[in-house]
Amino acid sequence: MVPAKTGEEELKFNYMIILLLVTCHCILFLLLSYPVFAWIRSLLFRKSILKSELFIKPVSILIAGYKEDIYLRDKILSFLNNDEWIDGSEIIIVASGATDNTCRILDEFNFPEKITCLIFAGQMSKIESVNMAAGLARNEILVFSDCRQKMKKKSVSNLVQNFNDPEIGTVVATLEDPDHEGKGSFFRRILNFIAFCESRSGSSLNVYGALYAQRKSIFRKFPPDILFDDLFVVVSTLTQHKRLIQDKESVIYDVHFDSYYKGERIQRLARGLLLFLMEQNKLIQKLKYNDLFRFLFFKYVKLIIPLVLLMLTYCCFFLVLRAHSYLSIILFFSFLLPVLLIRKSRNILFLIIRINYHFMLMLFKFIFMHERSTGWEKLEVEK
């Protein structure tokens, strides 16, 4: 028989539950208020961006792909389009896992003054391919591009125009859903809003590998075993005291947010963040205190959301059950039911649950099963 708790023990336990509940609410409030924080900061510490349409410089477009032949022709044509091409530019393609079809496609573009192709039958990591392509680049501005995503016309020139500002080191395109005539995914709109606000106040912390540009003078070779090259670009740019901004007029279109973040990719995200923190901690420590705080908060605090939500759920149910109050139960479900009944809020809730589940699973694997792989499956989408 379990001995009953004394009044003092009961009081301490209740205080502990309340303290835990308040702590969880504070953490969630800070996370949810980050967009507001970024917006206020953009108003108080606004920095101009000296973008100029008169600033036109040739670029080196770097395309690294593994078995990307179904997208390769369209991608090359999009860069060679008259609205996109800047005289004096070059395209450097590193195609690994190449098939006969890949070779046939590349043979169609026999412009040695414009296109350089390196073809490998075996598999090569994206990091190796990008480092190789960057080493061959002749121009001062590098444009990094994946094969799969489509882009809005004049995206390259819009990226380049920002380099009129000598403080700008890296410029990132804006990521939108494929049905760009609509409003787009809720979370993607939030992320873009934060990136625009942070760009106005100094530097954004987002890089989309599908399309971004960087000064060759600040390019640093990616470490061979890195999982997220975009994290490295962020930290590398800021530690060289250059700004990283997101451009509204340069746009790429990818699959919907909720379709993109499937289980394996969510786990890869968590794994990549943890590996980067472990292996690049010396580089991260070189960030200014302001950038270091934002980087750790924006990129890593989200990893503890699953634990916070679990503790919050436990506390809520505990207090409801302890109260033995029908009113408490009614209030609890009166909040939950509208969320479940409204389709949009229900979809957002289920997406959050899915993301948090896979975050927790990856944290468990990383800590207890030493899951440290840098590989992942390619995202399969309909062309």
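We did not get these values from a lab; they are worked out from the coordinates using the rules stated. Predicted, not measured: the structure shown is a model, and the values here were computed from it. Here Cβ is always computed from backbone atoms with ideal geometry, including for glycine, and neighbour counts include all displayed protein chains.
Percent of alpha carbon pairs in region 100-177 separated by more than 14 Å? Pairs farther apart than 14 Å: 74 percent.
Treating each Cα of region 129-272 as an identical point scatterer and summing with the Debye formula, the log10 of I(q)/I(0) at q = 0.09, 0.21 Å⁻¹ comes to -0.26, -1.51.
Pairs from the table (Lys221/Lys286; Lys344/Lys365; Lys242/Lys282; Lys150/Lys299; Lys47/Lys242; Lys67/Lys299) lying more than 21 angstrom apart at Cα are Lys344/Lys365; Lys150/Lys299; Lys67/Lys299. Here the translational diffusion coefficient of region 44-104 follows from Stokes-Einstein with Rh set to the Kirkwood radius across Cα pairs; for 20 °C and 1.002 mPa s it amounts to 152 µm²/s. The residues His358, His370, when put in order of fewest to most other Cβ atoms within 10 Å, stand as His370, His358. Each other residue within a Cβ distance under 15 Å of Leu43 adds +1 if Lys or Arg and -1 if Asp or Glu, for a net charge of +3.
Only beta bridges with both residues in region 80-232 are counted; by DSSP, about 55 percent of them are antiparallel.
When only alpha carbons are used to place a centre, region 183-261 and region 80-105 end up 23 Å from one another. Alpha-carbon geometry of region 28-176: the Rg and the Dmax are 18.2, 56 Å, given in that order. Each peptide in 136-149, 68-81, 344-357 was scored by the mean count of other Cβ atoms within 10 Å over its residues; highest first, the order is 136-149, 68-81, 344-357. Counting neighbouring beta carbons within 10 Å and listing from fewest to most, the residues Leu361, Leu205, Leu244 come out as Leu361, Leu205, Leu244.
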